[in-house]
Structures are given as C-alpha cells and as structure tokens.
Amino acid sequence: MSYSDLLRQQCYIDGQWCDADSGATLDVIDPGSCRVLGTVPLMGTEEARRAISAAEAALPAWRALTAGERARLMRKLFDLMIQHQQDLGELLSREQGKPQAE
C-alpha cells in the first residue's frame with residue numbers, strides 16, 4: 001500500500017496542520033492485525049473551539065464564491081479522491097476492519 005502520502009497524523013485547523021495542545025495522541029489500530037496504522041492528536045475543547053472559530057471565519061469567503069467556483073473546488077477534491085480511491089479504500093478498510101467491498 002502506498003497511502004503514506006495520503007495519511008496525515010495531525011488535525012487541520014485554520015489553515016495549519018497541528019498537534020493537540022497537550023501533545024496527547026491516540027493510536028489508530030487495524031482491528032484485523034492489531035497493528036498501529038497511525039496516530040492522531042487527541043484534541044480537546046480548546047482545539048474544537050479554534051476549529052469552529054476558523055470555520056466561521058472562513059464561511060464569508062466561501063459564501064462569496066460563485067456556484068461555479070465552488071463546484072470547481074469540489075470537483076478537484078472528487079478527482080483527487082478518484083485518483084487515489086484504491087489506496088483510500090484500503091486505508092479505510094484497514095481502519096474500520098471491514099472488507100474493502102463494503
């Protein structure tokens with residue numbers, strides 16, 4: 001599997017990848033093998049508040065885009081997901097412990 005470039009082990013808040021303020025993390029385990037797939041920051045209330053504030057601050061700029069501009073951005077995301085669908089599917093399957101067909 002070549003999903004390592006798709007896997008971020010930080011959270012995206014206000015345009016930046018960041019760790020939890022406390023530095024705490026949580027392992028993401030493959031339930032089929034009990035192997036660690038990665039770690040994620042164990043975020044708390046303050047990080048959630050910052051994320052909500054950042055989303056609220058970003059809304060006016062998003063709202064100001066035309067429907068066509070928003071559609072182009074969403075299409076770009078869709079195209080990237082399709083381009084990497086095999087790796088994303090395998091990663092999600094391993095994280096959730098489900099067959100990839102699901």
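Determine which member of the set Leu92, Leu37, Leu80, Leu88 is closer than 20 Å to Arg8 by Cα, assigned to a strand (DSSP E or B) and of a type outside the set (Lys, Arg).
Details: Leu92 fails: assigned to a strand (DSSP E or B); Leu80 fails: assigned to a strand (DSSP E or B); Leu88 fails: assigned to a strand (DSSP E or B).
Exactly one residue qualifies, and that residue is Leu37.
Quick check on Leu42: is it surrounded by 12 or more Cβ atoms within 10 Å (Cβ to Cβ) and in contact with a Leu (Cβ under 6 Å, 6 or more places away or on another chain)?
Values: surrounded by 12 or more Cβ atoms within 10 Å (Cβ to Cβ): yes; in contact with a Leu (Cβ under 6 Å, 6 or more places away or on another chain): yes.
When the stated conditions are applied, Leu42 passes them.
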Just a yes or no: is a residue in the range 83-102 closer than 26 Å to Asp5 by Cβ, free of Cβ contacts under 8 Å to residues at least 40 places away in the same chain, of a type in the set (Asp, Glu) and touching a Ser or Thr at 6+ places or on another chain (Cβ under 8 Å)? yes
Filtering the range 12-39 for residues that are out of contact with any Lys or Arg (no Cβ under 8 Å at 6 or more places or on another chain), more than 20 Å from Gln96 (Cβ to Cβ) and open to solvent by 40 Å² or more (accessible area, probe 1.4 Å) leaves a count of 7
Taking the range 1-34, which residues are assigned to a loop (DSSP other than H, G, I, E, B) and among the acidic types (Asp, Glu)? Asp14, Asp19, Asp21
Of everything in the range 1-11, what is exposed (fewer than 12 other Cβ atoms within 10 Å of the Cβ), of a type outside the set (A, V, I, L, M) and in contact with a helix residue (DSSP H, G or I) (Cβ under 7 Å, 6 or more places away or on another chain)? Give them in sequence order. Ser2
Can we say Ala61 is within 18 Å of Gln10 (Cβ to Cβ), outside any strand (DSSP E or B) and modelled with pLDDT of 90 or more? no
Given (1) part of a helix (DSSP H, G or I); (2) at pLDDT 90 or above; (3) open to solvent by 80 Å² or more (accessible area, probe 1.4 Å), number of the condition Ala55 does not satisfy: (3)
Result of the Cβ filter at 8 Å on the range 31-44, keeping first residues that are free of Cβ contacts under 8 Å to residues at least 24 places away in the same chain and partners that are of a type in the set (A, V, I, L, M, F, W, C) and open to solvent by less than 50 Å² (accessible area, probe 1.4 Å), at least 6 apart or interchain, is Val36/Val28; Leu42/Ala20; Leu42/Ala24
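The values are calculated or read from the model by the stated rules, or taken from the named source; none is laboratory data. Only a predicted model underlies this, so the values are computations on that prediction, with no experimental measurement involved. All Cβ positions, glycine included, derive from the backbone under ideal geometry; neighbour counts span all protein chains shown. Surface areas here come from the heavy atoms of the whole protein model, side chains and all, with no ligands, DNA or RNA. Shrake-Rupley method; radii C 1.70, N 1.55, O 1.52, S 1.80 Å.
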